[in-house]
1. With θ taken as phi - 60° and the coefficients 6.51, -1.76 and 1.60, list the Karplus ³J(HN,Hα) couplings across the range 213-225 in order, rounded to whole Hz; mark glycine and proline as x.
2. Can you give me the long-range amide H partners of T54? Hydrogens built in the peptide plane at 1.01 Å from N, cutoff under 5 Å, separation of 5 or more residues or another chain.
3. Quick one: compute a quarter of the convex hull surface over the Cα atoms of the range 131-200 and quote it in nm².
4. Between E90 and R297, what is the spin-label point distance in nm, taking each point 7 Å from the Cα along the Cα→C-beta axis?
5. Hey, what do the phi angles of the range 204-209 turn into as Karplus ³J(HN,Hα) couplings, whole Hz, using 6.51/-1.76/1.60 and θ = phi - 60°, x for Gly and Pro?
6. What translational D, rounded to a whole number of µm²/s, comes out for the chain from Stokes-Einstein when the hydrodynamic radius is the Kirkwood one over Cα pairs, at 4 °C and 1.567 mPa s?
7. Going by how many other beta carbons lie within 10 Å of each one, how would you line up S136, S147, fewest first?
8. K288: which lysines have alpha carbons under 25 Å from its alpha carbon, excluding same-chain residues fewer than 8 sequence positions away?
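Here, each number is a calculation from the coordinates, and none is a lab measurement. Predicted model, so just to flag it, every value in this text is computed and none were measured. Here the Cβ is made from the backbone with ideal geometry for all residues, glycine too, and neighbour counts use every protein chain on show.
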Amino acid sequence: QITLNYPGGELDLGVTRATEGGSGVSVASLLSTTGYVTLDPGFTNTASCTSAITYIDGDQGILRYRGYPIAELAGKSSFIEVSYLLIYGELPTPSQLEDFTHRIQRHTLLHEDFKRFFDGFPRDAHPMPVLSAAVSALGTFYPDSTSIRDHEQIELATVRLLAKLPTIAAYAYKKSVGQPFLYPDNSLDLVENFLRMTFGFPAEPYDVDPVLAKALDLLFILHADHEQNCSTSTVRLVGSGQANLFASVSAGIHALSGPLHGGANSAVLEMLEEIQRSPDGPDTFMNKVKNKEGGVRLMGFGHRVYKNYDPRAAIIKKTADDILRGLGVNDPLLEIALRLEEIALNDDYFIERKLYPNVDFYTGLIYKAMGFPTKMFTVLFALGRLPGWIAQWREMMEDKQTKIGRPRQIYIGATERPYLG
Ligand code: MLT
C-alpha cells in the first residue's frame, strides 16, 4: 500500500504489484504511469494551478467564461465586452464599457520609430514571429508599464496590449504582402479597425463589411480563453518568474505558433485541400484514417479535454455556413468538411475514440473566405486569445501564493557512472 504525503493531506495510491523480477514498482514510475503526477499540489504552480476564469466540463462540454455560458456571450456580447469580463471578472456596465473602449482607442497607434522595426524583417517574414517579437519589443517602448508591482502600470500595459496588438498584426500582414501601413481609425471599433488596417489602403475609402466584422468578433470571443492550454500555461509560467506582461504574452504567442496548437486550423485547411485534389474523396480518406493507411492524419478532430463535440465548434460551424453564404462564397471545401464530420459522427470507430470536430475544424474555412492568407491564421488566434492571456497573467500575479514555476521531472538517466578521464 502506498500513501503519498503532501502538504494538503494524504493520497492513497493503492497497492503496488510486484514486477516479474520480484522488485516492487517505484513510486516514481507508479506516479508517472497512473497520471497522478498531475495531482500535485505539493509543487504549486508546476503543472497545476487554481483559476476562476474559464470553466470546462470534459463530460458535458459546458464552457463558461467567469460563469457565463460562452454560447450566450457569443450571441449577445462583443469581443471588447468579453475581454473586459475575462480581465475584470464581470461584464462591463455601459459607462465602464465606454471608458474601457475609449482607453483602448487612445493607445492604438504605434510609436513612429516602431514602424522601422518591421523593416528589419525579410520581405516574406511570417507574421506570427513578427507579432511575438513586436510584443516583446513593446516593453522597450513602454518601460513604465513593465512594472509588475504597480497596479496603474499593469492597467496601462493591459490597455496598451489590447489596443496595439491589432495594429501590430495588421502591420505584420502589410509587411508580408509588401503594402503600405495604415494609421488606425479610432472612429471604428477594435475589430473593424483591424480589418481596415489589414485590407484597406492609405487615402482610399474602406467600407468595413458588417458580416465580416461580426463574424471575426464572434471568432475572437470563442478563442478568448481556454484555461490551461499550451500558450496560456506558458504565459503563466513565464510570468511566475515575474516577467512583465509584454514578455509573458510574447512567450505565449510563440507557444501558440506551433502546428499542434494555434497552427491546427491551417493544418485542417491543408487536409481539406489535399482531399479535394485527390481522386479518392472524403469517404475513402476516412477509411484510410481508420485503417491507418498511407500516413493520412485526421486534423481538427478530438481534443485533449473534451469527450464530446467542442461547443465552440458547434457555433463556428454555423458561422462558417452563414458567413460563406453571406459573402457569397461557394467553397467546395465546406462540403468536404461537412461530409468528414457526418462520417465521424456516425461511425463507431470515431465515436469510440471521441473524435468530434474541435474549434480548429471550421475556422480555417472562415478565415479563408474572409480573405486572410493561411499564414495569418495563427495571428488571428493570438488576437482572440490575448484577453485570456492577460486575465490569466493578472490572476496569477494577484495570487500571493504564486511561486515561481518549477516543472517536475522524473529522472530516467544513468545513475552513478565512474569518470574514467
Ligand atoms: C485552445 O483553445 O487553446 C485549444 O483548444 C487547445 C487547448 O485547449 O489545449
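1. Once θ is set to phi - 60°, the couplings for the range 213-225 become 5, 5, 5, 5, 4, 5, 4, 4, 4, 5, 9, 5, 7 Hz.
2. R66, E227
3. Numbers: hull surface 20.2 nm².
Projected area, direction-averaged: 5.0 nm².
4. Distance between the two pseudo-spin positions: 4.6 nm.
5. 3J(HN,Hα) across the range 204-209, in whole Hz: 10, x, 10, 8, 5, 6.
6. Values: Rh = 23.4 Å.
For the chosen part, D equals 55 µm²/s.
7. Values: S136 18, S147 15.
Lowest to highest Cβ neighbour count: S147, S136.
8. Partners within reach: K307, K317, K354.
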